[in-house]
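No lab work stands behind these numbers, since they all come straight from the coordinates. Note that the coordinates shown come from a computational prediction; the quantities given were computed from them, not determined experimentally. Here Cβ is always computed from backbone atoms with ideal geometry, including for glycine, and neighbour counts include all displayed protein chains.
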Amino acid sequence: DKAFSVASMEDVQQFLYNERTIKENTARSTARAVSALKHFYRYITDIIPDLADPTLRIESGRAAHTLPEYLTSAEIDVLINCPSESITLELRDKALFELMYETGVRISEALGLTFADIDFDNSLIRIIGKGNKERLAPIGEEAKRLLKKYFQESGTWQAEDPEIRKSVIGLIHFAEDG
């Protein structure tokens with residue numbers, strides 16, 4: 001519990017040891033703590049030049065990158081084939097699953113699509129991704145069929161509310177129906 005102005009390298013090492021062992025933090029959390037401490041001391045020594053930086057010789061650990069979990073082919077088949085096409089909300093879900101599976105779009109990207117982003121004639125969708133980056137992706141026949149069927153049955157194409165007409169998934173019925 002020392003003040004930052006009198007902390008030594010040993011104090012920082014003890015803090016990091018406690019983070020790893022006593023608190024049982026992951027390597028990633030500990031690496032974030034090291035980074036935060038280094039940035040803090042870099043900032044504070046710019047303001048107080050005579051202050052010694054106890055983190056100078058502390059090495060920044062690199063946390064291992066873990067791969068995301070993914071679905072197996074069998075799980076994808078169940079996911080896509082489970083919703084019925086005879087119930088509008090399930091048809092919406094089925095169209096959304098098929099769209100994401102065929103194009104590789106993230107859920108946030110799929111929910112942000114507008115009618116202007118889908119080119120049914122050329123089988124393409126325009127995606128605005130992370131960092132507002134735009135890309136084109138091919139869309140398969142099954143996703144096109146399901147989307148068209150959903151638009152017709154839900155009345156999304158004919159909706160009077162411009163926000164619903166603007167959104168491909170009809171704002172997912174405001175995400176409250178399912």
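What the table below lists for this structure:
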| quantity | calculated |
| --- | --- |
| For the stretch 146-153, 3J(HN,Hα) per residue [Karplus equation, 6.51 cos²θ - 1.76 cosθ + 1.60, θ = phi - 60°, Hz, x = Gly/Pro] | 5, 5, 4, 4, 5, 4, 5, 6 |
| Sorted peptide list for 137-146, 91-100, criterion being average Cβ within 10 angstrom, highest first | 91-100, 137-146 |
| For ALA52, distant residues with modelled amide H under 5 Å away | none |
| Förster-model FRET efficiency, 45 Å R0, ARG106 and SER86, C-beta, rounded to 0.05 | 0.95 |
| Set LYS2/LYS23; LYS94/LYS130; LYS38/LYS133 screened for pairs whose C-alpha atoms are more than 28 Å apart | LYS38/LYS133 |
| Mean Cβ neighbour count within 10 Å, used as a protection proxy, ranking 68-77, 121-130, 17-26 highest first | 121-130, 17-26, 68-77 |
